[in-house]
Amino acid sequence: QVQLVESGGGLVQAGGSLRLSCVASGRTFSRDAMGWFRQAPGKEREFVAAISWRTYNTYYADSVKGRFTISRDNAKNTVDLQMNSLRPEDTAVYYCAAGNTLTTQRYEYNYWGQGTQVTVSS
């Protein structure tokens, strides 16, 4: 089992920044990929970014490329999402997820955190 706990959400004005953090515990060595997804009201959960624990490879959704940066600290078992130049359309609940394979596909991630709300005002 893997437990994931997110933090760092909040309210920010458009153009501002937030940093989300996800702490992983449990059998984290068995899960190579860590991802961030988001879900806005009335919409499906969508991929944001992902990173491999072992290779440092990263994936980003086109909508966040150049604005968001995913990083991880293996010693602390944390994965962060630095979000800059935030837009109102970035408003959503953001979820941390763990999976076996680095991918953008939601169904490939087996473990999920409880989510943290990000609200961007115009």
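The values are calculated or read from the model by the stated rules, or taken from the named source; none is laboratory data. As the structure is a prediction and not an experimental result, all values here were calculated from the model. Positions of Cβ are generated from backbone atoms using ideal geometry, with glycine treated the same way; all protein chains shown enter the neighbour counts. Side chains are part of the model used for accessible areas, which takes the heavy atoms of the whole protein and leaves out ligands, DNA and RNA. Shrake-Rupley method; radii C 1.70, N 1.55, O 1.52, S 1.80 Å.
Over the chain, accessible surface divided per residue gives 51 Å², non-protein components excluded, 1.4 Å probe. Counted residue by residue at 0.36 nm each, then reduced by the alpha carbon distance between them, the extension gain from LYS43 to SER71 reaches 7.5 nm. Along each principal axis, taking the top coordinate minus the bottom one, the Cα set of the range 38-105 gives 34, 24, 21 Å in descending order.
Here the chain exposes an accessible surface that is 46 percent carbon and sulfur, computed with a 1.4 Å probe and the other protein chains kept in place. Potential lengthening of the chain between SER52 and ALA14 amounts to 10.7 nm, from the contour at 0.36 nm per residue minus the alpha-carbon distance. The label point for ARG27 and the one for GLN105, both projected 7 Å from the Cα toward the Cβ, are 2.1 nm apart.
Work out the P(r) tail for the chain: percent of alpha carbon pairs separated by more than 27 Å, whole number. The calculated P(r) of the chain puts 10 percent of pairs beyond 27 Å. Charges were assigned to the Cβ only: +1 to each Lys and Arg, -1 to each Asp and Glu. The resulting dipole of the range 1-109 about its Cα centre is roughly 140 debye.
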